[in-house]
1. Select from region 57-81 the residues that are touching a residue at least 40 places away in the same chain (Cβ under 8 Å), over 19 Å from L427 (Cβ atoms) and surrounded by 13 or more Cβ atoms within 10 Å (Cβ to Cβ) and list them in ascending order.
2. Within region 446-467, can you find the residues that are open to solvent by 40 Å² or more (accessible area, probe 1.4 Å) and part of a helix (DSSP H, G or I)?
3. Here are some conditions: (1) among the acidic types (D, E); (2) free of Cβ contacts under 8 Å to residues at least 40 places away in the same chain; (3) touching an Asp or Glu at 6+ places or on another chain (Cβ under 9 Å). E333 meets all but one. Which one does it not meet?
4. Need at least 2 residues that are more than 21 Å from the chain's Cα centre (by Cα) and not β-branched (V, I, T) per element, so show me which strands (runs of 3 or more DSSP E) inside region 272-311 make the cut, counting only ones lying wholly within it.
5. Looking at this structure, is E462 among the charged types (D, E, K, R) and closer than 30 Å to E38 by Cβ?
6. Are any residues in region 430-445 open to solvent by less than 10 Å² (accessible area, probe 1.4 Å) and more than 14 Å from H48 (Cα to Cα), and if so, which ones?
7. Find the residue count for region 418-429, including only residues that are small (G, A, S) and buried (at least 24 other Cβ atoms within 10 Å of the Cβ).
Amino acid sequence: MVDVDDASGFEALMPVARGGADDNIQVLVRVRPPNARELEQGYTKGVHASGQSIDVPLSKAGGAGTYSYDHVCDEQQSQAEIFDEVGVPVTDAFLEGYHGCLIAYGQTGAGKTHTMQGPDYPADSVAEADGGSSLDGGRQVSASQPGSGGDGGDAMDTGSGGADVAAIEAEQRGLIPRVLQRVFRHIADQTAAANPTSPADASADSALDKANVTSGDVTSAAGAGAIPPVPPPTPAAAPMGEVEFTVKCSYLEIYNETVADLLAEAGSGAVAPNIREHDKKGVFVEGLTEATVTSAEETYALFTRGSHNRHVGMTEMNRESSRSHAVFTISLESRRRACPGAAVQKRSALLHLVDLAGSERQKSTESAGVRLKEASAINKSLSALGNVIKALVDVAEGKDRHVPYRDSKLTFLLKEALGGRARCTLLACVSPAAGQLEETLSTLKFAQRAKLVKVKATANEEALGSP
């Protein structure tokens, strides 16, 4: 760390907080483009997005009317625009010391995984087209158009050349790689302000290589196409304080109400993680792998490795349906000292990025055997989530209600995020097809209820005293 006399510029470098209002869960609804299956079956548009609302016409499914939310994104909006609407606010609040939670919710095949991760390219085809290796960005993209957000679409053709693949991949990156890039961009900027270098030095070396992250040497995923290199920060005119960052990540799934560590080494014999609650620590996961990371590329490489361990399966609705709820958590701790001898200002926060398994109707997915058992567990946990939301709405209205967090592993894990201690954003993904209107209405109504939940997040900040 660097000793300095002036810390006046610290706060100027902090992002402007846009992360979820302090008084309610923020809700964004994304209407994805139609996927190949819907087009083949004779696509008819069933919902219409306009501004901050969605109009549903009269149909056999009922529920006709206008549904309003904080944000609504139609079929034409890009991954970058989705990130600007929900990813930037949640990330910036996280960087200011607020716990954050971003939850992707919707029926199977609604575009949740694509929105959170981005497209998935087979590693060999990308390497063949681009002359190198690349990080996978997610599951798949709809055959109807790039970036459709359909969880169940076909893989994208990469035969048009490496340049096209690289350009599409950058454009289609999901929320998670973009969040990671913004977090480490912030770390690089803050570190550069505390330890300024000459423009020549800054341009010669990567900003992340200079970041003062307390985890040892920086490691980078070679050829990581999912996350472009972070540009060097603009060097400050003079040192502005001591600053130190520690970033860690963990990744778990809840499959058939069993918690699994997606980052655990195969054959390690580690004890299965267990969700516990402590008077001071709150809810935490005992026995979960927590990796210290130093760059966006390294973090996303871990995320990708964990995603390959996640349970997926084929259903009639989705070629690669997520059969578990997945929670990727980033932990950030910063320690700042304004000048030599001053107290250390410590900030710490957790950011949960949650990709829920999709709700299913047996008649649509034609599930049987193992898939039917999985669907039953998924629907049961999502029902428990709905009951928690309903109880929290009653509490917000002044009613005395027990909130049944412990009815499922998912709601117990997200207790503090849903219960008001975090800036929480719900991203509800829906299909535009009239044939999916019954499930779409269910998602829209759930999202409307969630918007009524009151939260009051506070920054996790403390002074540790002088040395």
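1. Correct list: S59, A61, G63.
2. Q448, R449
3. Among (1) among the acidic types (D, E); (2) free of Cβ contacts under 8 Å to residues at least 40 places away in the same chain; (3) touching an Asp or Glu at 6+ places or on another chain (Cβ under 9 Å), the lone unmet condition for E333 is (2).
4. Working: elements: 274-278, 282-286, 291-293.
Strands (runs of 3 or more DSSP E) meeting the threshold: 274-278, 282-286.
5. Criteria not met by E462.
6. The answer is T443, and nothing else.
7. Here the count works out to 2.
Residue-by-condition table, conditions (1) at pLDDT below 85; (2) hydrophobic (A, V, I, L, M, F, W, C):
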{"site": "G225", "(1), (2)": "yes, no"}
{"site": "A237", "(1), (2)": "yes, yes"}
{"site": "L262", "(1), (2)": "no, yes"}
{"site": "G269", "(1), (2)": "yes, no"}
{"site": "T289", "(1), (2)": "no, no"}
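The values are calculated or read from the model by the stated rules, or taken from the named source; none is laboratory data. On a predicted model such as this, the values are computed, not experimentally measured, just so you know. Cβ sites come from the backbone with ideal geometry, for glycine too, and all protein chains shown count toward neighbours. Please note that ligands, DNA and RNA were not included when accessible areas were found on the heavy atoms of the full protein model with its side chains. Shrake-Rupley method; radii C 1.70, N 1.55, O 1.52, S 1.80 Å.
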